[in-house]
Every structure is written in C-alpha cells, then in structure tokens.
1. Would you call Leu170 part of a helix (DSSP H, G or I), touching a residue at least 40 places away in the same chain (Cβ under 8 Å) and within 21 Å of Asn66 (Cβ to Cβ)?
2. State whether one or more residues within segment 80-95 are in contact with a Leu (Cβ under 8 Å, 6 or more places away or on another chain) and surrounded by fewer than 19 Cβ atoms within 10 Å (Cβ to Cβ).
3. Taking Lys139 and the conditions (1) out of contact with any helix residue (DSSP H, G or I) (no Cβ under 9 Å at 6 or more places or on another chain); (2) at pLDDT below 90, which numbered condition does it fall short on, given that it satisfies the others?
4. Looking at segment 148-167, can you tell me whether even one residue there is free of Cβ contacts under 8 Å to residues at least 40 places away in the same chain, surrounded by 17 or more Cβ atoms within 10 Å (Cβ to Cβ), of a type outside the set (Lys, Arg) and under 15 Å from Asn36 (Cα atoms)?
5. Quick one: in segment 73-119, which of the residues that are without any contact (Cβ under 8 Å) to a residue 40 or more places away in the chain, over 11 Å from the mean Cα position of the chain (by Cα) and in a helix (DSSP H, G or I) is nearest to Lys142 (Cα to Cα)?
6. Among the numbered criteria (1) of a type in the set (A, V, I, L, M, F, W, C); (2) in a helix (DSSP H, G or I); (3) more than 28 Å from Arg31 (Cβ to Cβ), which one does Met152 miss?
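The values are calculated or read from the model by the stated rules, or taken from the named source; none is laboratory data. What you are looking at is a predicted structure, and each value in this text was computed from that prediction instead of being measured. No Cβ is skipped: glycine too gets one built from the backbone with ideal geometry, and neighbour counts run over all protein chains shown.
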Amino acid sequence: MLNRIFFVCLCLGLYSAGAFPSCRWMDHRFRLYSENSLGLLDMMASNSTNTTEDAAVEDTVVFPNNLYSQASNSSAEDKLGFTVQILEETSALFEEDHSSASWEENTMENFINIVTRQADGLRSCIGRHGHKKNKKLQKYFKRLSSHVLKTMGHSAEAWELIRKEIKTHLMKANQLVSSLLTSN
C-alpha cells in the first residue's frame, strides 16, 4: 500500500515538475506593476507638449506584430522570457538621454524602476534555464534607439514617439502574461 502511495506521489511530482510552475509574484504583483507602468506612461503623455507626425518613423521601425504572434503560441516559459526581454529593452531605451523629454524626471525614474522590478519578478518565474534572447526583438529596439531617438536628436518629439510605441508594447506584453494567469 505504501509503495502505491509513493508511486502516485512520485508520478504527481514528475508531472507537476514538467508543467508551468505557479509563480506567486506573477499571480499577485504583475497586474499591479503593469497598471502602474501604463499609468506612468499616460502621465508622461499628459505632460507632453508635442504633437508628432509618425508616418516617417513607421516606415523605418515597423511594430513587430509577428513576434508577438509567435510568442503567443509559445510555451509559458518562452512567453515570460519574451516579456522579460521587452521589459529589459524598454528600461534600457528609457535610460538613454532623455533630457529633452517634456515629462518630469521623477516620473521617468519611477517608470524605469517599475519596469525593472517587473522584469526581475517575471525572471524569477522562469526558472534556472534562463531564456534565449529574441534577436529580432533586439534589432527592433536598436532601430528605435538609432532611427527614432538618435536621428531625431533625442528630442521631445522623438521621446513622445517612443512613449507611444512602448505603451503598445507593454499592453501586448500584458496580454501575453495575462494569458498565463487565466490558464492557471
């Protein structure tokens, strides 16, 4: 009888080890941090005094919808890894010269801190394997940096374009992670 109970426990343990682990941080903190980061981006828009015409930028930096489609069909760990990469790339982008941005420095710092915490929290949910970076996503963020920020001289107009683009990314990343929360 004990052998059968041991065998059942062993099988359940092996099965649950292969399944996506429940991550308390993701279950309890992700939505709060996500709402805060999007709220801060909205505050930045409220403080923005610039209007932009982004048709030229759209030609050089096309939003990577196909990468999100691929990620949505991936494993839970790959979805989280993709989201972590978006958050890390976002944080790095916003740490560039933002002295010409029309929003308050404190708002920017709070945004970077929240996005960094979000990335750290999700990274803790991935596990020991880590995650392989998506090269296309890296190139995309490099193009945002070089074709938008650097070409436009890190102007307030360039930062407003980046803010809009990043808001879309964070909303898409939120959808990816939320799909995991509803399936658990």
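1. Working: part of a helix (DSSP H, G or I): yes; touching a residue at least 40 places away in the same chain (Cβ under 8 Å): yes; within 21 Å of Asn66 (Cβ to Cβ): yes.
Here the answer is yes, as Leu170 does meet what is asked.
2. Let us first name the residues in segment 80-95 that are in contact with a Leu (Cβ under 8 Å, 6 or more places away or on another chain), namely 80, 82-87, 89-90, 93.
The next check asks that each one be surrounded by fewer than 19 Cβ atoms within 10 Å (Cβ to Cβ); those that pass are none.
Checked segment 80-95: no residue is in contact with a Leu (Cβ under 8 Å, 6 or more places away or on another chain) and surrounded by fewer than 19 Cβ atoms within 10 Å (Cβ to Cβ).
3. (2)
4. Checked segment 148-167: no residue is free of Cβ contacts under 8 Å to residues at least 40 places away in the same chain, surrounded by 17 or more Cβ atoms within 10 Å (Cβ to Cβ), of a type outside the set (Lys, Arg) and under 15 Å from Asn36 (Cα atoms).
5. Ile112
6. Single failed check for Met152: (2).
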